[in-house]
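Before anything else, here's the structure in question.
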Amino acid sequence: MIITIATLNVFYGILLTVTHGADIFSLPDWFNEGVEFIFHTNTDGTPYAINFQIISLVLSFVFTWILLNKCNIGRQIYAMGGNPDAAQRVGFNVFKLNILVYCYMGILAGIASLVQAQLVQSVSPTALVGRELDVVAAVVIGGASLSGGSGTVMGTILGLALIAILQNGLVLMGVSSYWSLFSTGIVIIGAMVMMAKESKKRRQISMNGAAA
């Protein structure tokens, strides 16, 4: 986690140096219009459509679920996350698995940048800065372990939905946006406490079983 945050700051500094922090607003018309799938039109002629953001989100979740649950490479990734030494000893190429995971996450980050640019109709090097906490909160609340080896796509979806509902709910209630980070942090702490208790309980059960 520390290395991830450190490299994030390194590349962010390079990005600001290269772009001089300038925003881009002159995007192609076809990109600004986006992609929509109209699935219903009511009697008034009002169309109901699924936009590019939702399509990208669903496809990313579906493909990731297939990769982790229906492919042999997914089992190897789980094994590497749980115990890299054991995974290497049974014959998994840990280095190539790490490269695959980081490349896949890079592709998803690229898709996310396109989604963000199409949504706000501009490109900004400072967009989404500081949203790392929301990402960590979504996966942790969804049951993923920061030490690796556990976590599901469905859990991440539920964690993401909880964060979105929490933040939007605070806005609808008229609560200051500054409390959004506070509430997200409290949720992460609560999730970590629950995970620690569950892990402790599992260790105790394992030790009792070994003693018996």
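Each reported figure results from applying straightforward, stated rules to the coordinates on display, with no laboratory input. Note that the structure is predicted; figures quoted are calculated from it, not measured. Ideal geometry is used to build each Cβ from the backbone, glycine not excepted, and the neighbour counts take in all protein chains shown.
So, with +1 on the Cβ of K and R and -1 on the Cβ of D and E, and no other charges, what is the size of the charge dipole of the chain about its Cα centre, to the nearest 20 debye?
Charge dipole, the chain, about its Cα centre: 1240 debye, nearest 20.
Okay, next question. Just the ratio, please: alpha-carbon radius of gyration of the chain over 2.2 N^0.38 Å, N its number of residues.
1.23
Same structure, new question: Using the count of nearby Cβ atoms within 10 Å as a rough guide to exposure, how do TYR48, TYR178 rank from fewest to most?
So the ranking, lowest neighbour count to highest, is TYR178, TYR48.
How would THR19, THR41 line up from fewest to most surrounding beta-carbon atoms within 10 angstrom?
THR41, THR19
Okay, next question. At a threshold of 8 angstrom on Cα-Cα distance, excluding pairs fewer than six apart, so keeping six or more, what relative contact order does segment 130-212 reach in percent?
In percent, rounded to a whole number, it is 27.
Run the quick spin-label model on ALA127 and PHE11: label points 7 Å from Cα toward the beta carbon, then report their separation in nm to one decimal.
With each label point 7 Å from Cα toward Cβ, the separation is 1.6 nm.
Putting +1 on Lys and Arg Cβ atoms and -1 on Asp and Glu Cβ atoms, find which of TRP179, ILE55, TYR102 reaches farthest to the positive end of the dipole of the chain.
TYR102
While we're here: Where a ≥ b ≥ c are the square roots of the eigenvalues of the C-alpha gyration tensor, would you call segment 1-45 rounded, which needs a/c under 1.5, or, failing that, prolate if a/b is larger than b/c, or oblate?
oblate
Could you check how many percent of all C-alpha pairs in segment 1-101 are farther apart than 22 Å?
Percentage above 22 Å: 64.
In whole Å, what is the distance between the alpha-carbon centres of segment 146-189 and segment 103-123?
21
Relative contact order for the chain: what is it in percent, counting Cα pairs under 8 Å that are at least 6 residues apart?
18
Please give me the summed charge of the neighbours of MET80: other residues whose Cβ is under 14 Å from its Cβ, Lys and Arg +1, Asp and Glu -1.
Spelling it out: positives minus negatives among the neighbours equals +2.
While we're here: Taking 0.36 nm per residue of separation and subtracting the Cα-Cα distance, what length does fully extending ILE73 through THR43 add?
Extending this stretch completely gives an extra 5.9 nm.
Before rounding to the nearest 500, sum -39500 (n - 2.57) across all DSSP H runs of length at least 4 in the chain and divide by the residue total; then give [θ] at 222 nm in deg cm²/dmol.
Result for the chain, helices only: -23500 deg cm²/dmol.
Still on this structure, I have one more. According to the square roots a ≥ b ≥ c of the eigenvalues of the Cα gyration tensor, what is the shape class of segment 93-212, taking rounded for a/c under 1.5, prolate for a/b larger than b/c otherwise, and oblate for the remainder?
Oblate is the answer for segment 93-212, as a/c is 1.5 or above yet b/c matches or exceeds a/b.
Quick query: amide H of THR152 versus all other amide H atoms, modeled in the peptide plane; which residues come in under 5 Å with a sequence gap of 5 or more or a different chain?
ALA144
Now, a different point. What shape does segment 63-110 have by the C-alpha gyration tensor, where a ≥ b ≥ c are the square roots of the eigenvalues, rounded means a/c under 1.5, and otherwise prolate means a/b greater than b/c and oblate the rest?
In terms of gyration-tensor shape, oblate.
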